[in-house]
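Student: Sharing a structure, written as structure tokens. Questions coming.
Laboratory data are not the source of any read-out in this text; all were calculated from the coordinates shown. The model shown is predicted, which means the values in this text are computed figures rather than measured ones. Methodologically, a virtual Cβ is constructed for each residue, glycine included, from the backbone with ideal geometry; neighbour enumeration extends over all protein chains shown.
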Amino acid sequence: MLEKYVKKILSSRVYDLAVETPLQRANHISARLGHEVWLKREDMQPAFSFKVRGAYNKIAQLSDAERARDVVAASAGNHAQGVALAADRLGIKAHIVMGRNTPSIKIDAVRSLGGHVVLHGDTYGDAAKHAAGLSESRGYVPVHPYDDVDVIAGQGTVGMEILNQKPGLDAIFVPVGGGGLIAGIAAYVKYLHPETQVIGVEAEGSACLAAALKAGRRVRLPFDTLDMFADGVSVAQIGREPFNIARTCVDEVVVVSIDEICAAIKDVFDDTRLIAEPAGALAVAGLKKFSEGNDEDDSLRYVAIVSGANVNFDRLRHISERAELGEHREVILGVTIDEKAGSFRRFCKTLGKRSVTEFNYRFAAADEAHVYVGLEVRPGEDTHAAADDLARAGYRVTDMTDNEAAKLHVRHMVGGRTFGGKPELVYRFEFPERPGALLRFLNGLGSRWNITMFHYRNHGAAWGRVLVGFEGESADREGLSTYLDRIGYRYWEETGNPAVDLFLR
């Protein structure tokens, strides 16, 4: 099987469009980790992503009769742009099915590359089904983003270039979504240099390869747990053909958090002045986590693939907020202090030389105040040490460093309180970012439920994050859930969340 892929990789036609991207030494990351770290700059491809390789190789293999039928693909990201660009270069019409909630910047990018955009549904699954229907009804040739032999072979040229540019590597770190990139790289690398480790990196909530390897078969992750932050790798199930390769050729899979991805984006920027998209920096996050968990004495030679740089500018605010948390250099705490003169001074004195990165509170009661505070953590320090120090000094402390509601919403809402002491149920939602989404939500609720709180913040992604309070008691949960399920948006109940109770009650 590997020999077949190596032959297809060596004979692929990607260089009619794609370029051989450089390996760039990451000096800051190398110095910090004590290893020689190189970045494979796939962001320098046309359309700023490796996806043009597989898309062009697939479309270039089509017969004249197939080219005359047009091509179709389902994608809201880099594959869409890769297919549009490749088809335009070859003089073929490309129909790209995208969710209606796709940010306008991505829709405009595909259109500017010559693609015909078809908006349908809100998820990749919706778009993929519609694309399959168009293929069947109109005869369009499908170009799958990862589960296709020619696409995998095109992506495998990344591995070929790496081995030519830097032989004798100890490990190559590869971002994993549907698995096309890691399958192509692993097939080539393991056939020619089996001693080089190929390590996949996945985002928490989208770790479909890790789940498949553990189960010994492909599994489908439930939609309500699927990560949407690193949307370029937000895939519920690893591809069939990629899994056939990965199960024997991938040495290990590292799973990283949103905060660790944000920290990696900052690391890549510090070394290159490139702003990688979340999926683009995924391999760097995995490399760091792998290295920090393996205390080798010798300096090793690592490559991480920077797979893309199609990031919406509006997302940078959110990324920068989370980067220090991902480096484990900041903790977020909820601390109760006395509501009297000198309390803040005493609190800061207790902190000693530790820097305060954020401090929010509002008068709420005569005897005590709840403080939302960010604290700088020294490199190598136990992240729980700051909370422990404050607790020993007599403060009531709640560690919110891993609390999504606290970091996404509550930090911007400190001071808001339940009006008139009404009973309240609190939920966190993901709304599709498209016109009419809010109206659909409100219409679905009807006039039965009184909204006591509503917080929304745009992060430049396909899904908006919303925190909503409803007037109601525990006995009302079942009835409310009936309405929420009918609306169809993903949601999580946050009633009783300590961040909510401290600052919004």
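Student: So for the chain, averaging the separation of alpha carbon pairs under 8 Å that are six or more residues apart and normalising by length, what relative contact order in percent results?
Tutor: Working: 1059 pairs, mean separation 64.5, N = 505.
Over the chain, the number comes to 13 percent.
Student: How many angstrom separate the Cα center of the range 1-70 from the Cα center of the range 430-505?
Tutor: Using only Cα atoms, the two centres lie 42 Å from each other.
Student: Okay, next question. Test of understanding: what is the full-extension gain from E66 to V118, defined as 0.36 nm times their sequence separation minus their Cα-Cα distance?
Tutor: Numbers: separation 52, 0.36 × 52 = 18.72 nm, distance 2.06 nm.
Working it through step by step, the gained length comes to 16.7 nm.
Student: Quote the charge dipole size of the chain about the Cα centre in Debye, to the nearest 20; the model charges only the Cβ of Lys and Arg (+1) and of Asp and Glu (-1). Spell out each step's value before the answer.
Tutor: On the way: 61 positive and 68 negative charges, 235 e Å.
Dipole magnitude for the chain comes out near 1120 debye.
Student: At 25 °C and a viscosity of 0.890 mPa s, what translational diffusion coefficient does Stokes-Einstein give for the chain, taking Rh as the Kirkwood radius over Cα pairs? Give it in µm²/s as a whole number. Show your work: numbers first, answer last.
Tutor: Details: Rh = 24.4 Å.
Diffusion coefficient, whole number: 101 µm²/s.
Student: Separate question: Taking H as built 1.01 Å from N, whose amide H comes closer than 5 Å to the amide H of M453, not counting residues under 5 places away?
Tutor: For M453, the qualifying residues are G469.
Student: Counting other Cβ atoms within 10 Å of each Cβ, which trypsin sites (Lys or Arg not before Pro) in the range 263-344 have at most 10 and sit in a DSSP loop?
Tutor: Values: sites: K266, R273, K288, K289, R301, R315, R317, R322, R329, K340; in loops: R273, R329, K340.
Sites meeting the loop and neighbour criteria: R273.
Student: Could you tell me which of the pairs K166/K190; K4/K288; K214/K289 are separated by over 25 angstrom between their Cα atoms in the structure shown?
Tutor: Working: K166/K190 15 Å; K4/K288 33 Å; K214/K289 20 Å.
Distance filter (> 25 Å) returns K4/K288.
Student: Quick one: work out Rg over Rh on the C-alpha atoms of the range 71-225, Rh as Kirkwood radius. Each step should come with its number before you reach the end.
Tutor: Numbers: Rg = 17.1 Å, Rh = 17.0 Å.
So for the range 71-225, dividing Rg by the Kirkwood Rh gives 1.01.
Student: Right, here's the next one. List the lysines whose alpha-carbon lies under 21 Å from that of K340, not counting same-chain residues fewer than 8 positions away?
Tutor: K349
Student: I want to make sure I understand the PRE zone here: with the label point 7 angstrom from the Cα of F223 toward its beta carbon, which residues in the range 421-449 have backbone N atoms less than 20 Å away?
Tutor: 428-445
Student: Treat the count of other C-beta atoms within 10 Å as a stand-in for reagent exposure and order C208, C249, C348 from fewest to most.
Tutor: On the way: C208 27, C249 21, C348 12.
Lowest to highest Cβ neighbour count: C348, C249, C208.
Student: Okay, moving on. Within a 10 angstrom radius of the beta carbon, how do W449, W463 rank from fewest other beta carbons to most?
Tutor: Details: W449 19, W463 22.
So the residues, fewest neighbours to most, are W449, W463.
Student: Please order Y361, Y191, Y124 by the number of other Cβ within 10 Å, starting at the fewest.
Tutor: Working: Y361 20, Y191 17, Y124 23.
Exposure proxy ranking, most exposed first: Y191, Y361, Y124.
Student: Sticking with this structure for a sec: Return the aspartates and glutamates within reach of K353: Cα separation strictly under 19 angstrom, same-chain partners fewer than 8 residues apart disregarded; answer none if there are no such residues.
Tutor: Excluding near neighbours in sequence, the set is E324, E330, E376, E381, D382, D388, D389.
Student: Amide H to amide H under 5 Å from G308: which residues, 5+ apart in sequence or cross-chain, H placed 1.01 Å off N in plane?
Tutor: Close amide H contacts, sequence-distant or interchain: D43, E277, G280.
Student: Within the chain, what's the longest stretch lacking GluC sites (Glu not before Pro) that sit in DSSP loops with no more than 11 other Cβ atoms inside 10 Å?
Tutor: It works out to 1-194.
Student: Residues with amide H under 5 Å of E339's amide H, sequence separation 5 or more or different chain, H placed in the peptide plane at 1.01 Å from N; which?
Tutor: E368, A369
Student: Report the normalised scattering of the range 328-402 as log10 I(q)/I(0) at q = 0.12 Å⁻¹, calculated by the Debye formula with identical scatterers on the alpha carbons.
Tutor: With no solvent term, the Cα-only Debye profile gives -0.29.
Student: On C-alpha positions alone, give me the angle between the axis of helix 258-272 and the longest principal axis of the chain, in degrees, nearest 10.
Tutor: Taking Cα atoms only, the helix is inclined about 60 degrees.
Student: Between N27 and E381, take the C-beta separation as r, use R0 = 30 Å, and let me know the FRET efficiency to the nearest 0.05. Let's see the in-between values first.
Tutor: Details: r = 25 Å, r/R0 = 0.83.
Using R0 = 30 Å, I get an efficiency of 0.75.
Student: Next question. For the residue pair D388 and E339, what label-to-label distance in nm results when each label sits 7 Å from Cα along the Cα-to-beta-carbon direction?
Tutor: Here the modelled spin labels are 3.3 nm apart.
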